[in-house]
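Everything on this sheet refers to the single structure shown next.
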Amino acid sequence: MSSTGFYWHERCFWHDQGAIGVFSAPGEFLQPQAASESPESKRRLKNILEVSGLIDELHVVKPPAATLADLKRFHTPRYLDELQAGDKAQGGNGGDCAPYMPGSWAAATQSAGLAIAAVEAVALGEVANAYALCRPPGHHAEADQGRGFCLLGNIPVAVMRARALGQANRVAILDWDVHHGNGQQAAFYHDPDVFTISIHQAANYPLDTGGFDEQGEGAGLGANLNLPLPPGCGLGAYAYAMETLVLPALEAFAPDLIVVACGYDACAKDPLGKMLLNSQAFATMTAQVKAVAERCCSGKLVVVHEGGYSEGYVPLCGHAVIQTLAGSQISVFDPQNEEIAAWGYQSLQPHQQALIDGWHQQWEQTTR
Ligand code: ZN
């Protein structure tokens with residue numbers, strides 16, 4: 001029997017952003033359509049686990065929602081009050097592109113509750129590792145505002161709680177969502193004991209954060225690593241970045257817990273990203289981080305679901321990640337895996353290698 005925890009709750013799928021054209025980009029010629037961040041990619045991941053049978057090998061948990069006390073370790077009371085008031089009225093916008101409708105407070109606190117429970121169970125050794133199927137996502141949310149479809153900072157809330165309760169001390173957070181993990185960066189920018197890494201498409205979202213030169217401040221200098229890759233990066237570029245820079249930096253930090261902010265929008269099928277990964281790439285990255293976790297911290301690894309907007313392809317990528325976490329033999333056939341791998345420009349390109357090599361040299365200077 002696997003000891004991989006799987007944290008989910010149907011209520012998370014009931015979060016409603018409203019239609020595009022109501023909140024995000026009203027315009028005379030924009031026919032309203034469903035928001036990009038729909039529940040279907042996540043619900044279909046849960047469903048494929050049921051159909052393949054993989055879910056029967058997981059320790060399935062429906063934990064309680066996050067409490068206000070837990071949320072207040074990261075978020076300001078002003079922002080939490082505003083969200084609750086909007087939820088009781090007609091909905092609103094949590095900040096920058098974070099629309100919500102009534103009912104979203106319950107979904108968002110439930111989503112944070114999934115991350116909290118997953119981190120606690122792994123930190124305490126109750127399960128070997130865990131996957132939290134969070135929705136709404138969290139990695140863009142900041143202390144005083146929501147951003148980029150994110151209302152509450154699921155990972156910062158969970159990590160701050162675990163550290164406050166003495167369940168973990170040195171935590172590494174690796175974000176491979178195609179968008180910059182600005183929420184984690186801001187939460188721990190001055191903290192030398194939480195290492196935040198983000199590998200993302202340069203200047204996609206947010207536009208004002210995610211540069212390589214953002215490396216932490218004060219005591220936190222050298223505990224934030226951004227790799228803003230150019231659009232069009234595929235299997236070769238991600239493998240090179242992981243093997244030469246991300247994984248060695250992760251291991252050198254010697255965390256006692258690793259959390260992955262796992263977006264799937266760097267996949268080749270995503271409408272909001274311009275990268276070229278397939279499901280095998282997500283499985284490979286998961287195996288690589290799992291191996292580091294086994295060497296550093298008895299395998300303590302929590303994977304938290306973030307973005308990913310291809311309703312058809314996210315479930316295949318997610319299944320590959322969870323199968324790898326669980327070390328299960330239950331796989332599902334991905335009919336697009338080989339096709340995507342055969343696309344042109346999948347190999348490491350000279351301009352990609354030059355960028356990564358340059359960062360590698362500068363990072364060694366920073367952390368010397
Ligand atoms: Zn994203």
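Only one entry of 309, 313 meets the criterion of being within 13 Å of the ligand (Cβ to nearest atom) and more than 19 Å from residue 159 (Cα to Cα), and that entry is 309.
Would you mention how many residues in the stretch 181-203 are in contact with a strand residue (DSSP E or B) (Cβ under 9 Å, 6 or more places away or on another chain), in a loop (DSSP other than H, G, I, E, B) and not aliphatic (A, V, I, L, M)?
Of the residues in the stretch 181-203, 4 are in contact with a strand residue (DSSP E or B) (Cβ under 9 Å, 6 or more places away or on another chain), in a loop (DSSP other than H, G, I, E, B) and not aliphatic (A, V, I, L, M).
For the residues 66, 117, the requirement of being open to solvent by 10 Å² or more (accessible area, probe 1.4 Å) and in contact with a helix residue (DSSP H, G or I) (Cβ under 7 Å, 6 or more places away or on another chain) singles out 66. Residues that are in contact with a Phe, Trp or Tyr (Cβ under 8 Å, 6 or more places away or on another chain) and open to solvent by 10 Å² or more (accessible area, probe 1.4 Å): does the stretch 161-182 have at least one? Yes, some residue in the stretch 161-182 is in contact with a Phe, Trp or Tyr (Cβ under 8 Å, 6 or more places away or on another chain) and open to solvent by 10 Å² or more (accessible area, probe 1.4 Å).
Give me a count of the residues in the stretch 310-330 that are of a type outside the set (A, V, I, L, M), touching a residue at least 24 places away in the same chain (Cβ under 8 Å) and open to solvent by 20 Å² or more (accessible area, probe 1.4 Å).
From the stretch 310-330, those of a type outside the set (A, V, I, L, M) are 310-313, 315, 317-319, 323-324, 327-329; that's our starting set.
Add one more test, that the residue is touching a residue at least 24 places away in the same chain (Cβ under 8 Å), and what stays is 310-313, 315, 317-319, 323-324, 327-328.
When the remaining residues are screened for being open to solvent by 20 Å² or more (accessible area, probe 1.4 Å), the result is 311-312, 323-324, 327.
Within the stretch 310-330, residues that are of a type outside the set (A, V, I, L, M), touching a residue at least 24 places away in the same chain (Cβ under 8 Å) and open to solvent by 20 Å² or more (accessible area, probe 1.4 Å) number 5.
Which one is farthest from the chain's Cα centre (by Cα) among residues in the stretch 34-76 that are of a type in the set (A, V, I, L, M) and within 18 Å of residue 15 (Cβ to Cβ)? If we take residues in the stretch 34-76 being of a type in the set (A, V, I, L, M) and within 18 Å of residue 15 (Cβ to Cβ), then 34 is farthest from the chain's Cα centre (by Cα).
Close contacts from the stretch 242-267, counting a first residue that is over 28 Å from residue 36 (Cβ atoms) and more than 16 Å from the ligand (Cβ to nearest atom) and a second that is in a helix (DSSP H, G or I) and hydroxyl-bearing (Ser, Thr, Tyr), with Cβ to Cβ under 8 Å and a gap of 6+ residues or different chains, come to 249/367; 252/367.
Among the residues of the stretch 130-160, the ones that are more than 13 Å from the ligand (Cβ to nearest atom), open to solvent by 10 Å² or more (accessible area, probe 1.4 Å) and farther than 17 Å from residue 194 by Cβ come to 2 in all. When residue 271 is tested against (1) at positive phi; (2) open to solvent by 30 Å² or more (accessible area, probe 1.4 Å); (3) within 16 Å of the ligand (Cβ to nearest atom), exactly one condition is not met: (1). Of the helices (runs of 4 or more DSSP H) that lie entirely inside the stretch 16-125, those containing 3 or more residues that are closer than 25 Å to residue 156 by Cβ and not aliphatic (A, V, I, L, M) span 40-52, 77-88, 104-123.
Being aliphatic (A, V, I, L, M) and farther than 25 Å from residue 162 by Cβ is the filter here, so list the residues in the stretch 67-97 that pass it.
Initially, the stretch 67-97 is screened for residues aliphatic (A, V, I, L, M), giving 68-69, 71, 80, 83, 85, 89.
Answer for the stretch 67-97, where residues must be aliphatic (A, V, I, L, M) and farther than 25 Å from residue 162 by Cβ: 85, 89.
The values are calculated or read from the model by the stated rules, or taken from the named source; none is laboratory data. Bear in mind that the values here come from a model prediction, so they are computed numbers and not experimental data. With ideal geometry, Cβ positions are generated from the backbone for all residues, glycine too; neighbour counts draw on all protein chains shown. Just the protein is used for accessible areas: all its heavy atoms, side chains included, with ligands, DNA and RNA removed. Shrake-Rupley method; radii C 1.70, N 1.55, O 1.52, S 1.80 Å.
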